[in-house]
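The values are calculated or read from the model by the stated rules, or taken from the named source; none is laboratory data. Everything quoted here is computed from the prediction, not taken from an experiment. FYI the Cβ positions are ideal-geometry reconstructions off the backbone, even for glycines, and counts take in every protein chain you see. Side chains included, ligands, DNA and RNA excluded: accessible areas come from the protein's heavy atoms. Shrake-Rupley method; radii C 1.70, N 1.55, O 1.52, S 1.80 Å.
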Amino acid sequence: MTSTATATPSVSGGFDPERPSFSLCLNYGLGTIAIAVLLNTVTTFFPALMTTVLGQSPALAGLLLTLSKLYDIVVDLFVGNRIDRTNTRMRRRRRTMLAGAAIGSVSFFLLFSPPAFEGPWLVIALSAILLLYSTGYSLFAVPYVAMAPDIARSYDGRTRLMTFRTFFSAVGQMIALAGAAALIGLGDGGAESYRIMGGVLAVVIFASQLSAWAGTSVVPEPVPHPPSPRIGFQATARQMLRNRPAVMLLCAKLLQYISLAANISTGLLFKLNVLQIGYEGQAQLSIAQNIAMGACTPLWLIAGKHFGKKNCYLAAIALYGLTMLSWLLADNSITLFGLLSRGVLQGIGAGGMILMSLAMLPDVMQHDMRVNGVRRDGVYSSIYAVVEKTGFALGAAIIGVYLSFAGYQATTGGQLVEQGAGAVRALYVGNAIAPFLLLAASFAIMLFYPLGKAIIDTESAER
């Protein structure tokens, strides 16, 4: 099928859409640091800030995160549609990214420097900051993800591009988890410690986003590139449901994001209250996980070329899920080896899951054009973001309510108290059992994913 709406991007200034340059991949990948820091730090440390510093319940923390994610879904869809409805998509994407960089970094700092309010005024202030944070996150992340099909067009070229994203995702997660924990641990775990962490990481976020914005200026506009037609929500939904590979990938990712949210929301509290290894243990686990994740990324790239994205994705899901389940065997007698070995296995599994799913997303975008004759990278990027936000909203909300129902006791000033048996069981469920079951379900879905190298390369040649 040939369409003038999806003609090959011009090769100019050394830009090669079949094999993007190292510098372009590097600059594009750097933007993932900001996404990882924004997402993981807030999901991990905002509940801890609420329950160990501000004296609020985990249910309230989960509710605020959930409401911000639901709002974020609306912003994602709006941004995705806006960047599709123009014949200068690259320019609009980059302009939107720059606005998101400014809003996201400032709101991140404000979130971890809450005003000295009490009662309802504190909740109102935090809610407003979370909405601002969600807006900045969407304004950067949606156009950033939508760029991928125009930066790399071939099956293997996309895997190569996403290798950089996966590597810098590991860097970002290390900064978000180990770096943030270390910065908080330098103090007493109170409000000032969180404020210092928020300020330092806000600078990192903005620098990462600025690098991606400047580095992608070499990518030309696809020509010709008319705006997507307005066909209405219901017609769009029906068309996208015909793209079975996209539906399968997005359903699997939704389950994985719920799993990740459950694990992250309880992970720090699990380490503080069950393993009793404190912020130092959180930092050690994150360092091991993300060094392994970054180091194994080139190996996953090689494996993807030899065994295909689907098979590698399934292997990564299985490894990560079984490692999650192994936390059932951990308690306050855990050794350093037991902690670090789990971190390494989680890192290897997470690296494969992130790389393969990111590399599959441009494939299902391209397949949609083959099936429906319409190019809508922005819509798919926004839906991918919606899946992420929905998963994190559901996971955070369910776990927050569950912990409160199980009797988890909130504290102030960074202090800890001995939790009851019900709260401890709930922490095990959120950190191990729920993530494993959700990952197992995503594994079952991806068993039937149909797109491989032969199909994608044939479709690319027809464009």
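The residue of the stretch 212-233 that is modelled with the highest pLDDT, among those that are of a type in the set (A, V, I, L, M, F, W, C) and open to solvent by less than 20 Å² (accessible area, probe 1.4 Å), is Ala212.
If you filter the stretch 419-444 down to residues that are free of Cβ contacts under 8 Å to residues at least 60 places away in the same chain and either among the aromatic types (Phe, Trp, Tyr) or more than 30 Å from Gly352 (Cβ to Cβ) (or both), you find that the one that is most open to solvent (accessible area, probe 1.4 Å) is Arg425.
All conditions in (1) modelled with pLDDT under 90; (2) in contact with a Gly (Cβ under 7 Å, 6 or more places away or on another chain); (3) among the polar types (S, T, N, Q) hold for Gln209, with the sole exception of (1).
Checked against the criterion of being touching a helix residue (DSSP H, G or I) at 6+ places or on another chain (Cβ under 6 Å), in contact (Cβ under 8 Å) with a residue 60 or more places away in the chain and not in a helix (DSSP H, G or I), the stretch 369-376 has at least one qualifying residue. Selection within the stretch 189-224: residues that are among the aliphatic types (A, V, I, L, M) and not in a helix (DSSP H, G or I). The member of this set that is nearest to the chain's Cα centre (by Cα) is Val219. Tallying residues that are in a loop (DSSP other than H, G, I, E, B) and either charged (D, E, K, R) or under 24 Å from the mean Cα position of the chain (by Cα) (or both) within the stretch 396-447 yields 2.
Within the stretch 273-285, residues that are among the acidic types (Asp, Glu) reach partners that are modelled with pLDDT under 90 and open to solvent by 20 Å² or more (accessible area, probe 1.4 Å) with beta carbons closer than 9 Å, at six or more positions or on different chains, in the pairs Glu280/Ala182; Glu280/Gly185. Determine whether Leu98 is open to solvent by 60 Å² or more (accessible area, probe 1.4 Å), closer than 23 Å to Ala180 by Cβ and not in a loop (DSSP other than H, G, I, E, B). Criteria not met by Leu98. For the stretch 326-339, a residue qualifies if it is surrounded by 16 or more Cβ atoms within 10 Å (Cβ to Cβ) and of a type in the set (A, V, I, L, M), and the qualifying residues are Ala330, Ile334, Leu339. How many residues does the stretch 197-210 hold that are out of contact with any Ser or Thr (no Cβ under 9 Å at 6 or more places or on another chain) and either acidic (Asp, Glu) or more than 14 Å from Gly172 (Cα to Cα) (or both)? Going through the stretch 197-210 one residue at a time, the tally reaches 1. Restricted to the stretch 60-116, and to residues there that are at pLDDT 90 or above and under 17 Å from the mean Cα position of the chain (by Cα), the residue that is nearest to Ser134 (Cα to Cα) is Gly104. Based on this model, can you work out whether Phe140 counts as closer than 30 Å to Met50 by Cβ, modelled with pLDDT of 95 or more and open to solvent by less than 50 Å² (accessible area, probe 1.4 Å)? No, not satisfied.
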